Structures are given as C-alpha cells and as structure tokens.
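The values are calculated or read from the model by the stated rules, or taken from the named source; none is laboratory data. Everything numeric here is computed off the predicted structure, so don't read it as measured data. The protein model used for the area step is the full one, side chains on, heavy atoms only, and it has no ligands, DNA or RNA in it. Shrake-Rupley method; radii C 1.70, N 1.55, O 1.52, S 1.80 Å.
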Amino acid sequence: MPKHYKMSESDNPHSTITYMKNNKEKKMKLEKPVNTKRKVLSKRQKDLMKVHSVHHTKEHLDMMKDLMKKGFCFEQSHEIAMKVLGK
C-alpha cells in the first residue's frame, strides 16, 4: 500500500482484521481507510470492479466491495483481499 496512507495503530479504529486460513485464525494489521464510510460504491468504483471481476473470484470481489464501503480505497481493499483470500 502507498506509504502516505500509514498512521499509528492507536489512531486507527480499523486496526486489525481477523480471518481463517488453513483452519487457523489469523489477524492482519490494517492501515487507515482513505475515505469515509458509505452505503454504495461510487460510479468509478463500480466501473473498476467490472473490469477487475474478469480476473478474480466472487469472494474476492465481495470482500473488496465491503472494504470499499468501510472507506478503504480500491488499492487498499485489493491488497487486503489478496492477502486474505487470494485470487
């Protein structure tokens, strides 16, 4: 993720995400979301997701969509989804 997104962990309410991998619970530190929370994706985000959907699974896309609604940018949500789910 871009370096300018970094901030201290204590300032970040979304500091960790918990997920299961190989039947083990893992935690991953997250950086600060760039945007504010939203209910729907912007037109630009929807267009990017259509192009992106050719190369990735539905689970990957759903996770990215949820993260973008929480305020993460497209790049941040893709990095997180790749680490957690893969393609």
(message) Using each residue's phi in the stretch 63-79, evaluate 6.51 cos²θ - 1.76 cosθ + 1.60 at θ = phi - 60° and report the 3J(HN,Hα) Karplus result to the nearest Hz, with x for Gly and Pro.
(response) 5, 4, 4, 4, 5, 5, 5, 7, x, 6, 6, 4, 5, 4, 5, 5, 4
(request) Considering only protein heavy atoms, with the full assembly of protein chains and a 1.4 angstrom probe, order ARG38, ARG44 by accessible area, largest first. (result) ARG44, ARG38
(request) With a 1.4 Å probe and every protein chain left in place, tell me how much accessible area GLU75 has, in Å² to the nearest 10. (result) 80 Å²
